[in-house]
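Student: Questions regarding the structure given below will be posed in turn.
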Amino acid sequence: MAAENKDKEKNLILDDEREKLLDHEYDGIQELDNAMPPWWLYGFYLTIAFSVVYLLYYEVTGWGPDQHEEYQREMAMAAERYGVAEEVATIDFSTAEILLDEESLAAGRTIYAATTNLCATCHGAEGQGLVGPNLTDDYWKHGCDLESIVNSIRVGFPDRGMPAYGSTVRIPDEELHQLASYIISIRGTNPPNPKAPNMDRAVECVEQ
Ligand code: HEC
């Protein structure tokens with residue numbers, strides 16, 4: 001029965017179609033091996049040509065901007081159009097000097113005491129130590145130089161109870177500079193009720 005139907009269908013197709021008829025059939029549907037329509041074929045060749053040009057322009061010669069350059073350009077354009085402030089200065093703390101002027105140290109103290117940063121909540125109003133260690137003595141666990149202190153603040157010690165920046169809210173480099181300089185300035189101030197150092201982990205600070 002099925003074979004009979006197939007013969008009938010075959011009679012309905014033209015001779016040149018019979019030549020093009022592919023050798024498979026699904027649910028009575030057969031396929032002719034027609035040439036691709038030219039519009040499709042040329043479109044396909046066009047994408048190949050495009051990919052070669054694209055590759056040369058962006059990847060091989062590097063004439064086209066990559067995503068980082070594009071980002072920089074767009075940021076520059078946005079800064080021009082909206083008058084965005086210059087990018088906040090970054091400081092290389094491995095070479096930065098400790099700030100000693102009163103203005104910077106006062107600014108550092110303000111940052112230390114700010115309820116938004118929480119330093120004083122854990123290290124005491126005078127740095128004498130509470131939950132966190134005493135910051136005025138000579139015993140330090142993570143280094144007492146400017147760079148180490150900045151690093152301690154930036155990274156925090158989440159597994160020991162200190163979030164990054166004390167409150168996880170980022171402190172810009174300029175303020176970190178003031179804050180760390182202030183902390184260095186209160187070393188040896190002997191505030192009342194000092195928290196004793198944990199001598200299992202702390203080592204004596206070597207003057208820099
Ligand atoms: C929630 C409590 C908490 C807050 C808030 C906090 N700290 Fe800490 N801090 C700690 C603890 C606990 C340690 C000790 C980590 C350890 O034992 O390794 C520590 C360690 C440090 C150290 C390293 C001390 C050393 O011995 O090397 C510095 C520096 C420091 N904190 C500065 C700050 C500053 C500045 C702020 C505010 C921006 C701040 N901390 C906010 C709890 C806190």
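Student: Which order do Ser152, Ser185 take by accessible area at a 1.4 Å probe, largest first?
Tutor: Ser185, Ser152
Student: Helix 102-113 sits at what angle to the longest principal axis of the chain, using alpha carbons and giving 0 to 90 degrees rounded to 10?
Tutor: 70
Student: Cα axis of helix 2-12 to longest principal axis of the chain: angle in degrees, 0 to 90, nearest 10?
Tutor: 80
Student: Something else about it: Roll a 1.4 Å probe over the protein chains and send me the accessible area per residue for the chain in Å².
Tutor: Values: 15360 Å² over 208 residues.
On a per-residue basis, the chain sits at 74 Å².
Student: Nearest 10 degrees is fine. How inclined is helix 173-185 to the longest principal axis of the chain, computing both from alpha carbons?
Tutor: 30
Student: Sticking with this one: Restricting to DSSP H runs of at least four residues, report the calculated mean residue ellipticity at 222 nm for the chain, -39500 (n - 2.57) per run over all residues, nearest 500 deg cm²/dmol. Spell out each step's value before the answer.
Tutor: Details: 8 runs with 90 residues, N = 208.
One gets -13000 deg cm²/dmol as the mean residue ellipticity at 222 nm.
Student: Separate question: Is the shape of segment 102-204 best called rounded, prolate or oblate, per the rule: a/c under 1.5 gives rounded, else a/b larger than b/c gives prolate, else oblate, with a ≥ b ≥ c the square roots of the Cα gyration tensor eigenvalues? Show your work: numbers first, answer last.
Tutor: Values: a/c = 1.42, a/b = 1.20, b/c = 1.19.
The shape class here is rounded.
Student: Turning to a different aspect of this structure: Could you state how much accessible area His142 has, in square angstrom rounded to the nearest 10, with a 1.4 Å probe and all protein chains kept in place?
Tutor: Answer for His142: close to 80 Å² accessible.
Student: Here is a further query. Give me the number: length gained by fully extending Asp27 to Val131, i.e. 0.36 nm times residue separation minus the C-alpha to C-alpha distance, one decimal in nm. Can you show the working numbers first?
Tutor: Details: separation 104, 0.36 × 104 = 37.44 nm, distance 7.70 nm.
Contour length minus Cα-Cα distance gives 29.7 nm.
Student: Could you tell me what percent of the accessible area of the chain is made up of carbon and sulfur, with a 1.4 Å probe and every protein chain present?
Tutor: The C+S portion of the solvent-accessible surface of the chain is 57 percent.
The values are calculated or read from the model by the stated rules, or taken from the named source; none is laboratory data. As the structure is a prediction and not an experimental result, all values here were calculated from the model. We work out accessible area using only protein heavy atoms, side chains counted, and drop any ligands, DNA or RNA first. Shrake-Rupley method; radii C 1.70, N 1.55, O 1.52, S 1.80 Å.
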